[in-house]
Structure formats: C-alpha cells, structure tokens
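A short reminder: the numbers here are calculations on the coordinates, not readings from a lab. These numbers were taken from a predicted model, which means no experiment stands behind them. All Cβ positions, glycine included, derive from the backbone under ideal geometry; neighbour counts span all protein chains shown.
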Amino acid sequence: MPRVAPRLLKKALKAHSLLPLLLPACRSIEQSAQEFRWIRNELPNMKQVRQACLQRFKLVPLQYILGNQPFGELDIVCRPGVLIPRWETEEWVCELSERLLGSMGPLNSPFPIWDLCCGTGCVGLLLQRRLGPGCSLTAVDVTDAALGLCVENAHRNDLERPRLIATDVLTKKIVPDSRISLLTCNPPYIPKNQFAADTSPSVKRHEPQLALIGDLEFYSSLVNTWIHHTDSFVYEVGDRRQIEYVMHGIRDDPRLQLEWCVGYRLDSSGCPRVVYGYKAESSLAGALSGYGDLLYIPPGAGK
Amino acid sequence: MFRTFRIARWVLPRRIGLLGCRFQSTLEFKELHPSLLKKAHQSVQEIVQLDQALSKGDGFDAETQKTYSRVSSIRSMYEEYQELLDNLKGLQEMIQTDPSLKDDAKSEFDNSLPQFRQVSNNLLRKLLPPHPFAEKACILELRPGVGGTEAMIFTQDLLNMYIGYAQYHHWKYHVIAQNENQSGNGLVDAILSIDEPGAYDKLKYESGVHRVQRIPATETKGRTHTSTAAVIVLPQIVESVKDAEQSERSFRPDEIRIDVMRAGGKGGQHVNTTDSAVRITHFPSGIVVAMQDERSQHKNKAKAFAVLRARLAERERKEKENSERAARKDQVTTTDRSDKIRTYNYPQNRITDHRCNFTLYDIEGVTSGVKLDEVIDSMAARDFEERSKSLIE
C-alpha cells in the first residue's frame, strides 16, 4: 500500500483529529472528509465514530462498518462474509431494469428471474422492485450467510421474500421448474494469479475470496448448462477475455449459434463490465438489443 | 395609468406612484386603466365561449380547465369591481347634489373605499400574465464571491437564512449539496432545495449578489470588510428520483457526458471505492454539474440531472424574457439584474435592498429567516408595479 504523505496527514489533522485515520483508505483529504461526514451522519455518538475511524484505518470497508450500502433505491444490508455491492453493478442493473420497463411496460405475464451467486441479493431485489410484482425471484448462492442476508434485504426493502436455493452452481445440477425469463449473475471473476497484484488491499483483506476469485468456470457453466433453461442472461465480467469466452461458446455451438445474440457493455469508467445474451426470437430482444454493443447475431436474425 | 375621477389631475405626482393611495380629497378614487379593463372584458367574453363549449358537451382538457378557472375568477372580480365602482359613483353624485343626504353618503363612501381599492388591486394582479414557474418548488444555489474566507462564512449565513425561512413557513427542504472549505467554517458552494410548490414565486427575487459589511470573525485588527456571495434561484423541474431517470433519457447521448471521477484500474470486484462523485457536462449550453454528497453514485447522478434540468429551464426563461423585452424595445430596469441586490450591514444593524430601496433595521430577524418576508414583499410589490406598467404599454 502506498504511503500517505506526512504533509497530507498534517493537513487532515488540522481539519479533525480523526481525519488522518481515514487517509490510508481514501487517499485524499476531500474524500476523507466526505467519508467522515457519512460516518458521523450514520452513527449516533462520537465513541462509535472513533471506533469506525479506527476500523477504517485497518482498511475495513466502510459498508461493513456502517452496515449498509445504497443500491438504486434500495438500502442493502452488508455484513462481513458477503461481497459488497459495487457501483458498477448498480449501474448495469439500473440500466437493465429501465430498458426492460421501457419496452415491456409493467409486467402482466409471469416473469421468472434467477439470480445466481446472489450475495446480498442486490441485483435480483432491485430488478424485483423496479419490474413490480409480476416477476418472481429465485436467489441461488452457495453460502447460507448470503442467502440469509438476501432475505433480510428483501424484508428491509418491503419486497416479497425470494425463493432461495442453497447450492453450488458449478457442481450440482439444478433443473429449474419453469423456463427462466432472465438469468443474472455476478460471479467471482478475478483470476487467482491476478488476485495479489490487481486487487485493492481493503478488498483482499476483508471481503470473502469465495466471492472474488474465479475465472471462466461460471461462464462455462452458463454456455453449457444454464443457457438451455433461459431466454436471456446478463453476467458481470472482469475483463474482455471472459466476454469473448461466452461469445465463442455460443458462436461455436451448432445449436446455440442459430438462436442467440451476444453483446457486451462497458461501465462509466470504460471497463468491460457485462456480457449479455438473448434469443433473437424472444420478446426481450427489443429491450436488450440496445443495452450494449452486439458481438454476435445469429444468421438470418436480421438487424 | 389611472384616471383620477372627477377632479382633473391627469398627471400624478411621482411620489404617489402607481398604487400610491394618497388621497387629498376624500372624494377621489382611481379607476383602472381602460386598456386593463378591456383585458378584463375579454376574459368575460372568453368565459362565455367556454361555457357554450361546455354546454355542447365538449370535454375540457387540463389546459382549458386551467384557463377556465383563471378567467372565471377574473370575471367574478371584474363584476365586483364594476358593482363597487357604480356604487361609488352614485354616492359621489349624491354628495354633490343632495345636501340633505351628504353626511350619510359621505360615511358610506368612506366605508366602501378601502374595499374598492382592494378589489381593484386584486383584479390588476389577476390580469398580469402568470409567471411560468410560479407554481414550482425551487432550488437555491449559493456561492461565495469576493472576500475569501469571510465570503464563505457569509455563504453559510445565507444558507442558514434560507433554511430558517423554510422552517419558519413549515416548508419541506433539504440540502442537496454542501461543500465546506478546508478550515470548515464556511462554504465553497451549497445547493438547497425547497420542496414547497410556489416557493419559486416567493424566492425568485433572491437571485443576485448579496453584499455583507461587517468585522469578520477572521479579522484581527477590527476593520470592517465588504464581501459578497451569489445566490441563484432555479425552478424545480424534476421532482423525484424516478423523474430524474426519465429526464436523463430525454437528453441525446451526444448532448451530455457523464464522468465518474475515478482513477483507472480494473474496477468491479477488484476495488471497493466509496468515491461516488458524478459530473455531468451538457455540451449545447456548456453547463457542468458535479455532485458527490450521496454514498450512492446513482443518487448523485439523479441529483445532478435535477440541477441540470433546473438550470436549463431558468436559462430558457431568461432568454425568452430578454427577447420579449427586446421586442418591446423598452429600457425598463428589471428586477433580476445580476449586480448587487442587497446589503447586510452588521455595524448599523441594517438591511437594504437596492432594487426597491427598502431598508430594514433588523439583521438578526432577517438572517434568521423570520423577517425575510418583509424584504421579499416589498420587492414583490415593486415587481408587481413594473409588470403592470409593461402591461399597459
């Protein structure tokens, strides 16, 4: 971790005695002051504020300290052991829900959504909030802590309790009872060899590796298994390679190549963030075709 | 402007002004200008047409509904005005021709005069074209001007004044954004939203440069400084987060650029930043809005869009007003000129509004927001006077 310049520490100390504690995590005075304001707004007394700053000095994520993170219009409870929702995820979920609403209007036919690797449940729950009671959410995760948090979050935001499945998506075969309309997933996507170098210290030390380290296995389970049960999918990715893997998996499969469109989407800071696909014939085609840039269109599907 | 009835005094002394109510003879009263009465008459005719449309069974849309309620209130006021006017004329006649009834008539005349004045004022107020944003809630943007730290402290004082004003009226408000200076005693900028419909109409005169004269807290030698802060009042166009998202859609992608202020890197699961700042650039107008107060980037974006919408609407209104004024070719001084509008002089405990030459000796009362209404009302009266002048021209 890069050191903090003494000059900066001195300046922070002048503003407030606790501010220097936030500098290692925030790097700048402005951001430290901003975080300090948030901490003070959320915590009732100075003793807890001091505790929070000391924890932050150890690079504990702010979301674990305060116990929540806004996600769209939801307030998501966060606890150690479950991945904290990222702004990139918030961005693509918001955009996705708006597109779906814009092209389909309020749902009247059943719209089953499956959220794999649900974690706090943020992705599925925000979709449920926005699309309305027509959609039914099934949340799948391997840890009970995540599923418990998902239920808690549904309750906290006055949403219907999602159906929960505690299982490992990779090893257990699940056959959904009905056809899935939308499959979402934010799988672990940091390759093990990059974890040490590319991941920030706070994430490395305090967030669960189970939710972070992974590479192509979830994308491979998508193109081999899950894709046969759904009409569309949206998977978060960490780099371009993972997008290409999914695209090749579909383009090179004799059956899938005839019906699936595949595209990708960048986040606001220009990084590849999402790979998505839909059946060219499905009713979701209108909503999803402009979601990002299309990489593959099946022959004869037209524009 | 007004015809003085009966007693020939066509040229009003300046100090009486448009609505001046100085009566030298108790038998004087003022009728509204004929062109205004013609306007009122038009409204009455309009309502007859609308009534006919209604009786034919044509449904009213929302817009017609609005005009209907507007013109019908004008009509009732106009009728009341006419009635009172006839009554007064009759009494006047009586006083001059019949000495036996003079005393009774005189006292009745005196009794109905204030009512007549009020009705005629109300009618005039109704005849003025309504302000396009009169019904809107408003957003106040505050920024320090010249004067360094003292200006920042004054900006904080102004923000407190408007918050106090909202509290005094029991209006809902929230601080959209607020950036403190480094030493934490003043503001670099602040955006306050007052969510009461019609707040814009009240606070629109606050736009401009506010000047403070006092010995700053930071001054060591006891000298009086003069510093300024600028206030911009915007109409609230976007009311909720949901609207904000739709408003984002209403811009073409090449019109705006959204920047998230983040260093490079892989993002996503690799980092967990709490920096949620958003900056929106609107190319056609060159407006840049930055927002960082919320923990959610999404909310910051929605707020930034709300502010952008408000600024664009206000700019559009100003342009329209300017072109209308240019069309009339008049040189009427406007109420929203951008130079210094008000002085807060602490040593003299004095507040002076330079546009309407209104002075009040109660700094404490005004800066706490309780007596701000007095300043605003005198400004509203002057604006009313000017607008009615332009109506006659």
- Query: In the structure shown, do any of B:K136/B:K371; B:K126/B:K389; B:K172/B:K204; B:K172/B:K301; B:K172/B:K320 have a Cα-Cα gap over 19 Å, and if so which?
  - Reply: B:K136/B:K371; B:K172/B:K301; B:K172/B:K320
- Using the Cα atoms of the stretch B:339-380 to build a convex hull, what is its mean projected area in square nanometres? 2.7 nm²
- Any idea how many Lys pairs in chain A come in under 24 angstrom at the alpha carbon, given 8 or more places apart or on separate chains? 13
- Other chains' Cβ within 10 Å of B:294-307 residues: what's the mean? 4
- Once Lys and Arg are counted +1 and Asp and Glu -1 for all other residues with Cβ under 12 Å from that of B:D157, the total becomes -1
- Net dipole in debye of the stretch A:38-145 [+1 Lys, Arg Cβ; -1 Asp, Glu Cβ; about Cα centre; nearest 20]: 580 debye
- More than 40 Å apart - percent of Cα-Cα pairs taken over the protein assembly as shown: 49 percent
- Mind listing which GluC sites (Glu not before Pro) in the stretch A:227-303 are in a DSSP loop and have 13 or fewer other Cβ atoms within 10 Å? A:E281
- Query: Which aspartates and glutamates, on any chain, are close to B:K299 with Cα under 15 Å apart, when same-chain ones fewer than 8 places away are left out?
  - Reply: A:E73, A:D75, A:E88, A:E90, A:E91, A:E95, B:E239, B:D243, B:E245, B:E248, B:D259, B:D275
- Message: Can you give me the Kirkwood hydrodynamic radius for the stretch A:71-296, using every pair of distinct Cα atoms, in Å to one decimal?
- Response: 17.6 Å
- Taking the C-alpha atoms of the stretch A:163-257, how large are the radius of gyration and the largest Cα-Cα span, Dmax, in Å? 14.7, 44
- Note on the structure: Dividing the mean separation of Cα pairs under 8 Å (6+ apart) by the residue count of the stretch A:71-296 yields a relative contact order in percent of 19 percent
- Task: Might you report the magnitude of the Cβ-based charge dipole of the protein assembly as shown about its Cα centre, with Lys and Arg at +1 and Asp and Glu at -1, to the nearest 20 debye?
- Result: 2180 debye
- Query: When a footprinting reagent is the concern and you count Cβ atoms within 10 Å, what order do A:K11, B:K371, B:K221 take, fewest first?
  - Reply: B:K221, A:K11, B:K371
- Farthest toward the dipole's positive end in chain A, which of A:N45, A:L222, A:G148, given Cβ charges of +1 (Lys, Arg) and -1 (Asp, Glu) about the Cα centre? A:N45
- What is the local net charge at B:I191, summed over the other residues whose Cβ is closer than 12 Å to its Cβ (Lys, Arg +1; Asp, Glu -1)? 0
- For the stretch A:6-58, give the magnitude of the charge dipole about the Cα centre (Cβ charges: +1 Lys/Arg, -1 Asp/Glu; no others), in debye to the nearest 20. 220 debye
- Message: For a quick check of your reading of the filter: which chymotrypsin sites (Phe, Trp or Tyr not before Pro) in the stretch B:59-165 sit in a DSSP loop and have no more than 15 other Cβ atoms within 10 Å?
- Response: B:F60
